[in-house]
Amino acid sequence: MTISEVIDMYNYYYIKTDCRSNCWDTPEIREFLLSHGMEDRGSGIFVRQNPYLDISLMKVKNLNSWSSRDYDPQETNYVSIVTSFDGEQDPVVWGLLKELERFLCFRMCPDD
């Protein structure tokens, strides 16, 4: 399997605030994700194994250049989302992502 084929097995999304200086409360998002069955891996990374879903909370300085090391335990302005292809088709996963959109009051966008 090539790297391209592996990448194509996943779907990438993000939710961001309208301005980098506007932030959500990281502990509130953490509690929301835990209440929906996500496993806290630390440093703002939340995972569900089957089907696969990875949600990373970050406070980025630059929307075009960020990494998982941009975690801030108090404030979040960018949420990175990765789902397996079958995860996108799963009603529980899709329902959680739609609830996350409502919770944050921002729409999820594909990360091309």
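Answer yes if at least one residue in region 83-93 is exposed (fewer than 12 other Cβ atoms within 10 Å of the Cβ), in a loop (DSSP other than H, G, I, E, B) and without any contact (Cβ under 8 Å) to a residue 60 or more places away in the chain, and no otherwise.
no
How many residues does region 18-35 hold that are touching a strand residue (DSSP E or B) at 6+ places or on another chain (Cβ under 9 Å), open to solvent by 50 Å² or more (accessible area, probe 1.4 Å) and assigned to a loop (DSSP other than H, G, I, E, B)?
Final tally of qualifying residues: 1.
Kindly provide the set of residues from region 1-17 that are within 17 Å of Y52 (Cβ to Cβ), among the hydrophobic types (A, V, I, L, M, F, W, C) and either part of a strand (DSSP E or B) or modelled with pLDDT under 65 (or both), ordered by number.
Once the filter is applied, which keeps residues that are within 17 Å of Y52 (Cβ to Cβ), among the hydrophobic types (A, V, I, L, M, F, W, C) and either part of a strand (DSSP E or B) or modelled with pLDDT under 65 (or both), region 1-17 yields M1, V6, I7.
Are there any pairs with C-beta distances below 7 angstrom linking a residue in region 58-81 that is at negative phi to a residue that is in a loop (DSSP other than H, G, I, E, B) and of a type in the set (D, E), with the two at least 6 apart or on different chains, and if so which?
Within 7 Å, the pairs are K59/D72.
Residues in region 44-51: is at least one under 13 Å from the mean Cα position of the chain (by Cα) and on the phi > 0 side of the Ramachandran plot? Spell out how you get there, then give the answer.
First, pick out the residues of region 44-51 that are under 13 Å from the mean Cα position of the chain (by Cα): 44-48.
From what's left, on the phi > 0 side of the Ramachandran plot: 44.
Yes, that holds for at least one residue.
Could you tell me which of the residues Q89, Q74 is at pLDDT 90 or above and either closer than 23 Å to D25 by Cβ or of a type outside the set (S, T, Y) (or both)?
Within the list Q89, Q74, the selection yields Q74.
Could we say that R102 is open to solvent by 30 Å² or more (accessible area, probe 1.4 Å) and part of a helix (DSSP H, G or I) here? Outline the logic, then answer.
Numbers: open to solvent by 30 Å² or more (accessible area, probe 1.4 Å): yes; part of a helix (DSSP H, G or I): yes.
Answer is yes for this residue.
Condition test on D40, is it surrounded by 12 or more Cβ atoms within 10 Å (Cβ to Cβ), of a type outside the set (K, R), touching a Leu at 6+ places or on another chain (Cβ under 9 Å) and modelled with pLDDT under 90?
It is false that D40 is surrounded by 12 or more Cβ atoms within 10 Å (Cβ to Cβ), of a type outside the set (K, R), touching a Leu at 6+ places or on another chain (Cβ under 9 Å) and modelled with pLDDT under 90.
Would you say V60 is over 17 Å from N11 (Cα atoms), open to solvent by less than 50 Å² (accessible area, probe 1.4 Å) and modelled with pLDDT under 95?
yes
Where residues in region 63-72 are open to solvent by less than 70 Å² (accessible area, probe 1.4 Å) and either in contact with a helix residue (DSSP H, G or I) (Cβ under 9 Å, 6 or more places away or on another chain) or in a loop (DSSP other than H, G, I, E, B) (or both), which of them is farthest from F106 (Cα to Cα)? Working first, answer last.
Initial filter on region 63-72 (open to solvent by less than 70 Å² (accessible area, probe 1.4 Å)): 63, 67-68, 70, 72.
So of that shortlist, the ones also either in contact with a helix residue (DSSP H, G or I) (Cβ under 9 Å, 6 or more places away or on another chain) or in a loop (DSSP other than H, G, I, E, B) (or both) come out as 63, 67, 72.
Numbers: L63: 16, S67: 21, D72: 20 Å.
Going through the qualifying residues, I end up with S67.
Could we say that K98 is touching a residue at least 40 places away in the same chain (Cβ under 8 Å), under 17 Å from K16 (Cα atoms) and out of contact with any His (no Cβ under 9 Å at 6 or more places or on another chain) here?
Here the answer is no, as K98 does not meet what is asked.
The values are calculated or read from the model by the stated rules, or taken from the named source; none is laboratory data. Please read these numbers as outputs of a predicted model, since none were measured by experiment. No Cβ is skipped: glycine too gets one built from the backbone with ideal geometry, and neighbour counts run over all protein chains shown. Accessible surface is based on the protein model in full, side chains and every heavy atom, while ligands, DNA and RNA are left aside. Shrake-Rupley method; radii C 1.70, N 1.55, O 1.52, S 1.80 Å.
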